[in-house]
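What follows is one structure encoded as structure tokens, with my remarks underneath.
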Amino acid sequence: MDDIKQTVLDYIRKEYLEEDDDRELTETTPLITGGIVDSFSMVSLKRFLERKYAIQIPDADASPEAFDTARSIEVLVNRFKK
């Protein structure tokens, strides 16, 4: 798994899952539609990604579909990396 996807999954485990939550997270795990990330969490994840990768993700591109899996988040981040 590449760096962006792993970074996203590590952040989600740390910030949004309880320590005893043993759900397996993969690059295709549904994050929003699976109930792991809600709209407030998506905003903090967006801010984390913007700081981590020195990018700006326009609000119009920060859709639930774009944030639903680590794979789709990687695609989004790569679109805005210079």
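The values are calculated or read from the model by the stated rules, or taken from the named source; none is laboratory data. Because the structure is a prediction, the values reported are computed rather than measured. Every residue, glycine among them, receives a Cβ derived from its backbone with ideal geometry; neighbour counts consider all protein chains shown.
Descriptive notes on the structure:
- Check on ALA62, over 13 Å from LEU9 (Cβ atoms), among the small types (Gly, Ala, Ser), free of Cβ contacts under 8 Å to residues at least 40 places away in the same chain and surrounded by 16 or more Cβ atoms within 10 Å (Cβ to Cβ): yes
- So ILE57, is it part of a loop (DSSP other than H, G, I, E, B), surrounded by 16 or more Cβ atoms within 10 Å (Cβ to Cβ) and either on the phi > 0 side of the Ramachandran plot or not basic (Lys, Arg) (or both): yes
- Annotation note: of ASP21, ASP10, the sole residue that is outside any helix (DSSP H, G or I) and acidic (Asp, Glu) is ASP21.
- PHE48 fulfils the conditions (1) surrounded by 12 or more Cβ atoms within 10 Å (Cβ to Cβ); (2) touching a residue at least 24 places away in the same chain (Cβ under 8 Å); (3) in a loop (DSSP other than H, G, I, E, B) except for a single criterion, (3).
Yes or no, residue by residue, for (1) at pLDDT 95 or above; (2) touching a helix residue (DSSP H, G or I) at 6+ places or on another chain (Cβ under 7 Å); (3) not hydroxyl-bearing (Ser, Thr, Tyr):
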{"position": "LEU9", "(1), (2), (3)": "yes, yes, yes"}
{"position": "LEU31", "(1), (2), (3)": "yes, yes, yes"}
{"position": "MET42", "(1), (2), (3)": "yes, no, yes"}
{"position": "ILE73", "(1), (2), (3)": "yes, yes, yes"}
{"position": "LYS82", "(1), (2), (3)": "no, no, yes"}
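- Residue match in the stretch 53-69 (condition: of a type in the set (Ser, Thr, Tyr) and within 9 Å of the chain's Cα centre (by Cα)): yes
- So ALA60, is it under 18 Å from LYS5 (Cβ atoms), of a type outside the set (Asp, Glu) and at pLDDT 95 or above: no
- Selection within the stretch 1-25: residues that are under 9 Å from the mean Cα position of the chain (by Cα) and over 13 Å from VAL75 (Cα atoms). The member of this set that is surrounded by the fewest Cβ atoms within 10 Å (Cβ to Cβ) is TYR11.
- Residue count for the stretch 24-45, restricted to those that are among the acidic types (Asp, Glu) and assigned to a helix (DSSP H, G or I): 0
- All positions within the stretch 68-82 that are in a helix (DSSP H, G or I) and in contact (Cβ under 8 Å) with a residue 40 or more places away in the chain: ALA70, ARG71, ILE73, GLU74, VAL77, ASN78
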